[in-house]
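Worksheet: the structure to be examined is printed underneath.
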Amino acid sequence: MTVHDTREKFGDASDGAATSGPLGRAHARADGSAKVTGAATYAMEHRVAGALHCVLVQATIGAGRVVSLDRTAAEASPGVRLVIDAASAPMVKALADYWGNQPKVDYESPFAADITHNGQLVAAVVADTLEEARAAAARVRITYEETPLRATFAADGTETHVVDMLAKSWGDPDGAMAGAPVRVEATYETPREYHMAIEPHGLIVEWEADDRLTIHEATQWVDGTADWFARAFEIPFENVRIVSPYVGGGFGSKGFVLPHSIAAAVAARMTGRPVKLTIARSQHFTAFGARPATRQTVKIAAAADGTIVGIDHDGTNETALDKVFVETLGVVTSMMYAAPNFRSTQRIAPVHTVMPGAFRAPGKNPSAFALESAMDELAVALDMDPVELRRRNEPDHDFETGKPWSSRRLLQCYDVAAEAFGWSNRNPAPRSMRDGRQLVGWGMAVGTHPVYSSPGEATIRVRADGKVEVLSSSIDMGTGTYTILAQTAADAIGVPMESVEVKLGDSRLPRAPVAGGSQLANLMTAAVHKTAVAVREELIALGLTDENSPLRNAANTLEIADGRIGASRGEAIPISALLAAVGRDVLEVNRDTLPEGERTPEERLRFFTSLVGMEHGATATHARHSFCAHFIEVKVDEDFGTVRVSRVVTAVDAGRLYNPKLADSQFKGGIIMGIGMALLEEGITDPRNGRILNANFGDYLVPTNADIPNIATISVGQPDYEATPLGGKAVGELSIVGVAPAIANAVYHATGKRVRDLPITLEKLI
Ligand code: MCN
Ligand code: MOS
């Protein structure tokens, strides 16, 4: 079953899209053929003459310090141009982190001498060839002094710090718990999980002058990256060019500048040559952080009829010793159900790890694993259908902010997904359903993601041949930005999709914020729409008022459709003919969606190179979220305990979908990642030295085709203009949220066994 099979019966978002043009329609990816034919070039495929190769040397201990680092053997190796470490590399300006935490020093090195995690960057070797650099890297002799190590956080909850800023509480949660007839309480754990994008991290750095550089690097944020390099090397923003036309997946890992990228830029500057650095797959586990391990205790108290009276959620995530990353664990819990009494506590536990980072639906994803597992446990305790339990606790507004929902069609998600799945045929008793030697389990859970928004900017050029160029420094990491921006421009101007060409991923283009928090589609379609409407108005004005326009006396106003302009009932001419007649080579318009008011160039830049302009979730008037409900079937082998997901039906409310085909692909991608999280993914840490033992694609398992069943996604969203200008809500991260608990709940239904720590591997079931 696909979204298309169910559309007739259940409808889909394009029903409400209110468009006759391309936006809201299922178009194939505009960049698809370039990708499958190899014409799309990724960062490391960029050819640059005379490039040297850089290879990283990483710490082999988890805690302590470098006592000596002997470069002589490496420097004497064939082809070697440079060996650098903390002692020999020049420092760069230390910057406040992306959340505004100020640095403790003025200058810092990308290389460490004090070791706080295994795999920390300690040196780099630059040579003529990759092989020579690799061979020499193995000859860097390092001796360490090791100090005691905390590889993972202690199970007893000691050594955690409460993050006061994130504490939430209302009503009387303790009183509600004490007086309630039904209570569940359990602790849930999720392990370290890694992004594992297909395209490895890497970059090519070229210094054209002392204060001017170009970097080819896959990034989710061209402008933020350019600004970071500019400030770190103390050169003007305009002098840094970041080029990133294609990104082979990022999932949060390519949002921010990482130490190895600074190291490559330092190496290029020192050698005076372009430098290429690709980090090896094994280094992807330590050169930057992914989802931290979490432990969460959830208590839910309810009346006998299932009405929730209180929720208490206490969650901890591990973080680095010297840097704080918070995986915000209370985020889903505080807005999902009508809880009159509520508390959530956020803790962090510093351990010897690389600083964790954002990974698809940070906070939301593990938060939902705990909450949605606990809801299933509550349904069991109440002897109530889990969908019915959720229906009874559907909140009519957001309890946390007190604001109304911009839209919340979760009840509709339950209706259509339950019907498409056949949920009414479920026998609620565990171990009651079978398929031969397989135990069959049906489980469900919900997911959500807030709508974030930031300003955007776009330039549109209509060329003499009538073709339309859309220019933006925003990026497409497989999501569909190229396609939806072409759709938006085509729709608003009135030209066919085929005559629109979108150029992205270059800091020379108009500004864009990070493609993170699932905000890019909504904010960039808004910026392109605004620009395209202005283009359309200018074309019409030209047609009506230019003394050489053949349409000058045609009517009071003109219309543009299918690339032709004319009076509504009169004859229409191609846009190219109008431009030729009035003697214009090009018509160019630039617009942005920055807040009103005079802005200095510095203020404008700050909006696109920091997170200051980002609106999180609620606006002044509304709470904005996307929603989804997953219904999942698993088959568990009774003898071996192996779990297979055999069917998934997911209903989504992400508002208006700009391209249902690409949105469907996003939803499926998220669900597949959720299946990996539930059944396969786990970074295993050696307690002796903090090493990640399965730091490769052979041992860190992600789902393959054989692991993935039929997935049906059904959209019940309708345009939500309180959420965003064009009515869409968040898509990219939504559907990973809630998959793991739906599977855990299905496994419980199949086996009678509740697994509270991911992944659900066979030894936990036997
Ligand atoms: N879309 C739509 N209608 C909407 C919103 C989005 O049709 N109302 C579709 C569009 O095709 C759009 C895509 O969904 O290009 C994603 O839009 P959006 O939700 O705005 O997400 P972003 O463009 O900001 O992309 C980032 C988001 C994040 S934060 C992660 S993490 C993630 C994700 O996208 N990483 C991905 N999806 C990914 N998909 C791929 N293939 N690779 C990644 O690394
Ligand atoms: Mo997505 S984790 O916000 O890049």
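The values are calculated or read from the model by the stated rules, or taken from the named source; none is laboratory data. What you see is a predicted model, and the numbers here were worked out from it, not measured in a lab. Reconstructed Cβ throughout: ideal geometry from the backbone, glycine too, with neighbour counts over all protein chains shown. Side chains included, ligands, DNA and RNA excluded: accessible areas come from the protein's heavy atoms. Shrake-Rupley method; radii C 1.70, N 1.55, O 1.52, S 1.80 Å.
When you go through Asn317, Asn341, Asn365 one by one, which is the residue that is of a type outside the set (Gly, Ala, Ser), within 25 Å of Gln666 (Cα to Cα) and touching a residue at least 24 places away in the same chain (Cβ under 8 Å)? Reasoning before the result, please.
On the way: Asn317 fails: within 25 Å of Gln666 (Cα to Cα); Asn341 fails: within 25 Å of Gln666 (Cα to Cα).
Just a single option satisfies the conditions, and that option is Asn365.
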Practice prompt. Could you tell me whether any residue of region 128-137 is among the small types (Gly, Ala, Ser), buried (at least 18 other Cβ atoms within 10 Å of the Cβ) and closer than 24 Å to Pro350 by Cα?
Written response: no
Worksheet item: When you scan region 543-574, how many residues do you find that are among the hydroxyl-bearing types (Ser, Thr, Tyr) and open to solvent by less than 20 Å² (accessible area, probe 1.4 Å)?
Response: 1
Worksheet item: Looking at region 267-288, which of its residues are assigned to a helix (DSSP H, G or I) and under 27 Å from Ala695 (Cα atoms)?
Response: Ala267, Arg281, Ser282, Gln283, His284, Phe285
Practice prompt. Of all residues in region 216-250, count the ones that are within 16 Å of ligand 2 (Cβ to nearest atom), touching a helix residue (DSSP H, G or I) at 6+ places or on another chain (Cβ under 8 Å) and in a loop (DSSP other than H, G, I, E, B).
Written response: 3
Worksheet item: Can you tell which of Pro103, Pro78 is free of Cβ contacts under 8 Å to residues at least 12 places away in the same chain and out of contact with any Phe, Trp or Tyr (no Cβ under 9 Å at 6 or more places or on another chain)?
Response: Pro103
Response to the item:
Filtering region 644-699 down to residues that are under 19 Å from Leu758 (Cα atoms), among the acidic types (Asp, Glu) and open to solvent by less than 20 Å² (accessible area, probe 1.4 Å) yields Glu681, Asp686
Discussion item. I'd like to check which strands (runs of 3 or more DSSP E) are fully inside region 432-510 and have at least 1 residues that are surrounded by 24 or more Cβ atoms within 10 Å (Cβ to Cβ).
Written reply: 438-450, 457-463, 468-471, 500-503
Item to complete: Might you check whether a residue that is outside any strand (DSSP E or B) and over 30 Å from Ala197 (Cα atoms) occurs anywhere in region 53-72?
Response: yes
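Let me confirm something: among Val747, Val702, Val716, which residue is under 27 Å from Arg390 (Cα atoms), in contact (Cβ under 8 Å) with a residue 24 or more places away in the chain, within 16 Å of ligand 1 (Cβ to nearest atom) and not small (Gly, Ala, Ser)? Show your work before the answer.
Values: Val747 fails: within 16 Å of ligand 1 (Cβ to nearest atom); Val702 fails: under 27 Å from Arg390 (Cα atoms).
It is Val716.
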Practice prompt. Considering each of His161, His195, His201 in turn, give the residue that is open to solvent by 60 Å² or more (accessible area, probe 1.4 Å) and out of contact with any helix residue (DSSP H, G or I) (no Cβ under 6 Å at 6 or more places or on another chain).
Written response: His161
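Test of understanding: among Ala374, Ala349, Ala358, Ala370, which residue is on the phi < 0 side of the Ramachandran plot, modelled with pLDDT of 95 or more and within 16 Å of ligand 2 (Cβ to nearest atom)?
Values: Ala374 fails: within 16 Å of ligand 2 (Cβ to nearest atom); Ala349 fails: within 16 Å of ligand 2 (Cβ to nearest atom); Ala370 fails: within 16 Å of ligand 2 (Cβ to nearest atom).
Matching residue, one of Ala374, Ala349, Ala358, Ala370: Ala358.
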Response to the item:
Selection from region 564-600 of residues in contact with a Ser or Thr (Cβ under 7 Å, 6 or more places away or on another chain) and either part of a strand (DSSP E or B) or of a type in the set (D, E, K, R) (or both) yields Glu588, Val589, Asn590, Arg591
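Does any residue of region 128-135 turn out to be in a strand (DSSP E or B) and in contact with a Ser or Thr (Cβ under 8 Å, 6 or more places away or on another chain)?
no
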Discussion item. Going by what's in this entry, would Ala361 be described as surrounded by 23 or more Cβ atoms within 10 Å (Cβ to Cβ) and within 16 Å of ligand 1 (Cβ to nearest atom)?
Written reply: yes
Practice prompt. Among what's in region 342-358 and is outside any strand (DSSP E or B) and open to solvent by 30 Å² or more (accessible area, probe 1.4 Å), pick the residue that is farthest from ligand 1 (Cβ to nearest atom).
Written response: Met355
Worksheet item: Do we have any residue at all in region 631-649 that's in contact with a helix residue (DSSP H, G or I) (Cβ under 9 Å, 6 or more places away or on another chain), within 16 Å of ligand 2 (Cβ to nearest atom) and among the hydrophobic types (A, V, I, L, M, F, W, C)?
Response: no
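I'd like to verify a number: residues in region 359-389 that are over 28 Å from Ala154 (Cα atoms), of a type in the set (A, V, I, L, M, F, W, C) and part of a loop (DSSP other than H, G, I, E, B), how many? Show your work before the answer.
So the first thing to find is which residues in region 359-389 are over 28 Å from Ala154 (Cα atoms), and the list is 379-389.
Next cut, of a type in the set (A, V, I, L, M, F, W, C) only: 379-382, 384, 387, 389.
Going one step further and asking which of them are part of a loop (DSSP other than H, G, I, E, B), we end up with 384.
Of the residues in that region, 1 qualify.
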Worksheet, complete the sentence: The number of residues in region 207-227 that are open to solvent by 40 Å² or more (accessible area, probe 1.4 Å) and either within 20 Å of Asp314 (Cα to Cα) or touching a Leu at 6+ places or on another chain (Cβ under 9 Å) (or both) is 1
Worksheet item: Can you name the residue in region 516-539 that is closer than 17 Å to Arg564 by Cβ and crowded, with 18+ Cβ neighbours inside 10 Å and is also nearest to ligand 2 (Cβ to nearest atom) among such residues?
Response: Ala532
Worksheet item: Among the residues of region 170-215, how many are outside any loop (DSSP other than H, G, I, E, B) and more than 16 Å from ligand 1 (Cβ to nearest atom)?
Response: 29
Discussion item. Name the single residue that is farthest from Asp491 (Cα to Cα) among those in region 658-703 being more than 16 Å from ligand 2 (Cβ to nearest atom) and among the charged types (D, E, K, R).
Written reply: Arg688
Practice prompt. Could you look through region 468-514, keep only residues that are of a type in the set (Asp, Glu) and touching a residue at least 24 places away in the same chain (Cβ under 8 Å), and pick out the one that is farthest from ligand 1 (Cβ to nearest atom)?
Written response: Glu469
Worksheet entry | Index of the failed condition, Ala89 passing every other in (1) outside any helix (DSSP H, G or I); (2) surrounded by fewer than 15 Cβ atoms within 10 Å (Cβ to Cβ) | (2)
Discussion item. Restricting to region 706-730, give me the number of residues that are open to solvent by 30 Å² or more (accessible area, probe 1.4 Å) and under 22 Å from the mean Cα position of the chain (by Cα).
Written reply: 2
Discussion item. Exactly one of these conditions fails for Glu327: (1) within 20 Å of Gly683 (Cα to Cα); (2) assigned to a helix (DSSP H, G or I). Give me its number.
Written reply: (2)
Practice prompt. Could you tell me whether Leu149 is open to solvent by less than 70 Å² (accessible area, probe 1.4 Å), closer than 30 Å to Arg691 by Cβ, assigned to a strand (DSSP E or B) and of a type in the set (A, V, I, L, M, F, W, C)?
Written response: no
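Do you know which residues across region 255-277 are open to solvent by 10 Å² or more (accessible area, probe 1.4 Å), under 20 Å from Ile475 (Cβ atoms) and in contact (Cβ under 8 Å) with a residue 60 or more places away in the chain?
Across region 255-277, the qualifying residue is only Phe256.
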Discussion item. Pull out all pairs, ordered by first then second residue, where Cβ-Cβ is under 8 Å, the residues are six or more apart or on different chains, the first lies in region 19-47 and is free of Cβ contacts under 8 Å to residues at least 24 places away in the same chain, and the second is part of a helix (DSSP H, G or I).
Written reply: Ala39/Ser33
